[in-house]
Structure formats: structure tokens, C-alpha cells
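Peer 1: Handing you a structure now.
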Amino acid sequence: MRLPGGLRISLWVTSALVLVFIYVPLLLVLLNSFSTSRTFAWPPPAYTTHWWQLAWQSQGAREALWTSVRVALAATVVALVLGSLAAMGLRRTRFFGRNVVSLLILLPIALPGIVTGLAFQNGFRTILGIDLSLWTIVIAHATFCIVTVFNNVQARFARLGGNFEQASMDLGAGPFTTFRLITLPMLRSALLAGALLSFGLSFDEIVVTTFTASATDQTLPIWIFQNLFRPNQAPIVNCVAAALVLFSAIPIYLAQRLSGSSAEGMTGAR
Amino acid sequence: MLWLGVAYLAALAALLITSLWTQNDFTGNIERVWTLDNFHDLFTIPVYRTITFRTIVLAASVTVVDALLAFPMALFMAKVASPRWQRVLVIAVLMPLWASYLVKAYAWRGMFSSSGLVESVAAPFGLGTPGYGLTATAITLAYLWLPFMILPLYAGLERVPDSLFEASADLGAGSWTTLRRVVLPMVFPAFVAGSIFTFSLTLGDFIAVKIVGGTTQLLGNVVYDNQGAANNLPFACAVATVPIVVMVLYLAAARRTGALEQL
């Protein structure tokens, strides 16, 4: 549509500036990973791939990466199962307090991560007497991942309604056949988007993780955080960070392939 | 589906209960004695009041900065850009969300470092880097949460019909008046929806502060420093109730604007 010229131009300029604001720091990380300066001086005095070699060989970074992948996979599986069950449960029944439950499901993303993290640590250690381990991280991560799966699945249900399933039942299919042949294919891309989002959230999460991880379990974000302030490790951390920036293009690409309207599933992210 | 109800709410309840217990200074064990001491400390020791106040002001200013940056961007995306560019811009805004939180906070550490990029860009104007401190924290947090503000505003602005802009212009309003009197009231719920994230995430942050904040303390740092085996978990729980109370009040207020439907 036509906005007045002056407004158009000022909007154009501000948007360009905002984009610069968004991308300059990320590009700087990429650039600094090749810089010979350990203190990120600008402009970089010279360029080298030395840090990338060191980072590639770093044992700590590798182990942390593997831990992160395992935690994220487990949390995603739990979230997929429970999140879609919750969405299906809320869809069929109109029980008392349905809205309250919907609001409650939002809580884990509306409350700061530090509250969630502390609540879980306290719950595990003080109340239940369980030692922190990889599993406590998984449980805590799954809690907010459930929300993203739930949101995706619920949005899909709201859009598609229940007519196909009713038709299937009318044609003589049992509940399981209907689920397998109708409900599941209907939900497939919503589930994939939810899984992608869950994996990303869990992989990246640090606040809740610091509170629910034992001293020996290091996910990649925790490894980065612990090595950030060590002058010797700083360039290696920078390389890992740069690699993560590059990798973040993968889920975006997948999400685009997955659904034409990526905005549907992705905006509800914490 | 009872996972959330049971696991999460029980954990939250336990947090509130633990905040009423106390810790034995000698053994470090938590004693299940009911007391309001933790809250008494929280309210009477001046440093905690200062930190609480600082955190809330920071959260508010981050929210305002994000709103000011996000609104023109969202308006451009929704009303000026062609459909093709709209898609590109949505992706451009979404992309940093997938880049690790830590990496982004870390990026700003590089930006603000002495002799870093900010320093060398600002130097010709006689300015320097703000260094690691509260200002750097505010900028970094505003940067981190910006997409959470842009996306709801964009969705909200898309729903404002084009004809309203034209009607307002036909009735003689300049573009500034149109924005202020027509568009802003309509996207206010979207703004509130976005602010829930910017506000809540700032309230609980302690990582970015540690990375770019120098010695600045926020509520999150107090909680973090008091957790763990050797520290005062009940007190940490008491401090953590502050963001809970603030957010519950905020959500209750947000509900009235109809913002929660926009999440």
C-alpha cells in the first residue's frame, strides 16, 4: 500500500539500521574467529585459521557438544509425546477449568528461566532428594519444550477441525486406525516444526541448565560460559560460537522447507 | 498432560515453601522450620532493595528500547515491503533467534571490548565504548529480545486494514497523527504480548549481566549466587519469588488488554 513518502523513507532507513544492529554483532563473531588478536581488537591485525584447528581438536568442546545433542534429543522426544497428548486432551474435552489449563501451560515460558530452573533444582534436591544428572536436565528442558509442541499442535487442530476424523469413524475405522491414518498425517508438519523448535530451544538453553545440571555434566552452552572468561580459551570459544552462528541457518532452512508459513510455528517460541 | 500440572506446579509450590524455611549456618543443611526471615532480609537489607529496583527499571527500559526499535521495523515489514521482501525480512528477524543466546551475548562482549568495534566506530565522534556495565547490559538485552518484540508487532500491524490508513489520511490526518491516533491503539495488545517476553526475560537474566555487565548485580545474580550446595537455597527461593510476583501482576494486567490471545 502507499504510505506518504516521508514516512516510507524514514521507515526504510530505520529498518535498515535495525537489521544492521541485528547482524553486525554476529558477523563480528565470525570475523573475530579468524583474527590473530586474542582480545578482539578492531580492526583485526591479521587473519589465521589457527583457532579453528584448536577448536576442532578441543576435547571439552566435543564432549559438551555430544552431551547437548543427547539432552536435546531426549527432551524433544518427551516433549513430542506429552505435548501432543496434552493438545489432544484439551481439544476433545471441555472440562471445567480448560482455560486455566491453557494459561498454566503458558507459565513455563512466561516466567523467567531462572524461576523454572531454581524451582526444579529445589524440587529435585531439597524435596525429592534426587541428585542432579543428565536426566534432571532432560526433565526441566522437556517442560518448556512441551509448550512449543503443544502450541504448534493446538494451532493445527484449531485450523483443521475434527471433520476428517468424524468422517473416518463414520466409515467404520476404529480410534487407532483413525489416529494412524488421519490424525497423525494431519499433524505431521506441526509435529516436525515443534520438534525442531524443541531441539533448538533445548540445545541452546543455559539458564535452566545451570540450575539442573550436576557439576560434571556440561552441555555446550555451559562449556562456552565456563570458558568464556579464560583468556587462553577465548579464541577457541569464539570459533565454537561462530560455528553455532553458521549452524543456526540449518533449522531456519528446514523450517522454510517444512511449511510455507514458517511464522505460524516459530513466533510462539520462548 | 498432567506432567506440567504435577511436575511444574509442584516444583513452583515447593519453591515457595522452601523460601519459608531456613538454613543452618554451620552444617549448611536446610532446616524445615517455618520462618519469614528470608523475606524480612529481602525487604530490609538495602542492597537487595537497590538490586530489585535496578532490575525492574532495567526490564522496563529494555522493553521501551525494544518497542521503539521494533515498531518502525514491524511497520515497514507489514505495510511497505513487498510480499517477497516480507518473507525475507521475517526470516532475517527469525534467524538470530536460532543463533545461540550465549553466542549473541558473547558477540556483544566483543563489540564492547576496549579497542573493539564500538570503540573504534565511536572514537571519531569523541565517544568511547560504554565498557562492561549497566548500559552495556541494557543494550545487549535489548538486542537479545528484539525479535520477541518485532514478531508480535508485525503480526498485529498486518491485521490493521490498509483502508484505515487511507481513511485517516482522507480525513486530513498527517502520517504522524495517523500512527499515534489510529495505529498505535490498535497494536497495543500486540505490544503488550511482546513486552511479556522482553520484561520477563530481563527479570530473570544473569548470564548476559555476567558477560557484559562487569560487576553489575541483578536479581538473577542474587538467586544464582545463593543456589548450590554450599549456599543459601531458601534465600534464593525467596528472591526468586520477586520475579514471580512481578510477572503474575504483569500477566494479570496484560490479560485485560487481550494480549494473551496474541501469544
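The values are calculated or read from the model by the stated rules, or taken from the named source; none is laboratory data. Just so it is clear, the model here is predicted, and its values are computed rather than measured. Cβ sites come from the backbone with ideal geometry, for glycine too, and all protein chains shown count toward neighbours.
Peer 1: Residues of region B:157-178 being among the aliphatic types (A, V, I, L, M) and touching a residue at least 24 places away in the same chain (Cβ under 8 Å), which ones?
Peer 2: Of everything in region B:157-178, those that are among the aliphatic types (A, V, I, L, M) and touching a residue at least 24 places away in the same chain (Cβ under 8 Å) turn out to be B:157, B:160.
Peer 1: Regarding region A:100-109, can at least one residue be identified that is at pLDDT below 80, under 30 Å from residue B:202 (Cβ atoms) and among the hydroxyl-bearing types (Ser, Thr, Tyr)?
Peer 2: yes
Peer 1: Name every residue in region B:91-112 that is small (Gly, Ala, Ser) and closer than 14 Å to residue B:138 by Cα, in order of residue number.
Peer 2: Of region B:91-112, the ones small (Gly, Ala, Ser) are B:92, B:99-100, B:105, B:107, B:110.
Hit for region B:91-112 is B:105, nothing else.
Peer 1: Return the only residue of B:223, B:248 being assigned to a helix (DSSP H, G or I) and either in contact (Cβ under 8 Å) with a residue 12 or more places away in the chain or more than 24 Å from residue B:36 (Cβ to Cβ) (or both). Break it down into steps so the answer makes sense when it comes.
Peer 2: Working: B:248 fails: either in contact (Cβ under 8 Å) with a residue 12 or more places away in the chain or more than 24 Å from residue B:36 (Cβ to Cβ) (or both).
After applying the criteria, what remains is B:223.
Peer 1: Could you list, in sequence order, the residues of region B:44-55 that are closer than 22 Å to residue B:199 by Cα and modelled with pLDDT under 80?
Peer 2: Scanning region B:44-55 gives no hits.
Peer 1: Can you run down the residue pairs with Cβ atoms below 8 Å, 6 or more apart or on separate chains, where the first is in region A:238-251 and farther than 16 Å from residue B:211 by Cβ and more than 7 Å from chain B (Cβ to nearest Cβ) and the partner is of a type in the set (Asp, Glu) and crowded, with 19+ Cβ neighbours inside 10 Å?
Peer 2: Pairs found: none.
Peer 1: Do any residues in region A:103-127 that are within 7 Å of chain B (Cβ to nearest Cβ) have Cβ atoms under 7 Å from those of residues that are modelled with pLDDT of 80 or more and not in a helix (DSSP H, G or I), where the two are at least six apart or on different chains, and which pairs are they?
Peer 2: So the pair list comes out as A:112/B:204; A:113/B:204; A:114/B:204; A:114/B:206; A:115/B:204.
Peer 1: Mind counting the residues in region A:56-85 that are over 17 Å from the mean Cα position of the chain (by Cα) and either surrounded by fewer than 18 Cβ atoms within 10 Å (Cβ to Cβ) or without any contact (Cβ under 8 Å) to a residue 40 or more places away in the chain (or both)?
Peer 2: Within region A:56-85, residues that are over 17 Å from the mean Cα position of the chain (by Cα) and either surrounded by fewer than 18 Cβ atoms within 10 Å (Cβ to Cβ) or without any contact (Cβ under 8 Å) to a residue 40 or more places away in the chain (or both) number 7.
Peer 1: Filter region A:22-53 for residues that are at the interface with chain B (Cβ under 7 Å from one of its Cβ atoms) and at pLDDT 75 or above and give the result.
Peer 2: The answer is A:22, A:25, A:26, A:28, A:29, A:32.
Peer 1: Is it fair to say residue B:241 is more than 23 Å from residue B:70 (Cα to Cα) and more than 9 Å from chain A (Cβ to nearest Cβ)?
Peer 2: no
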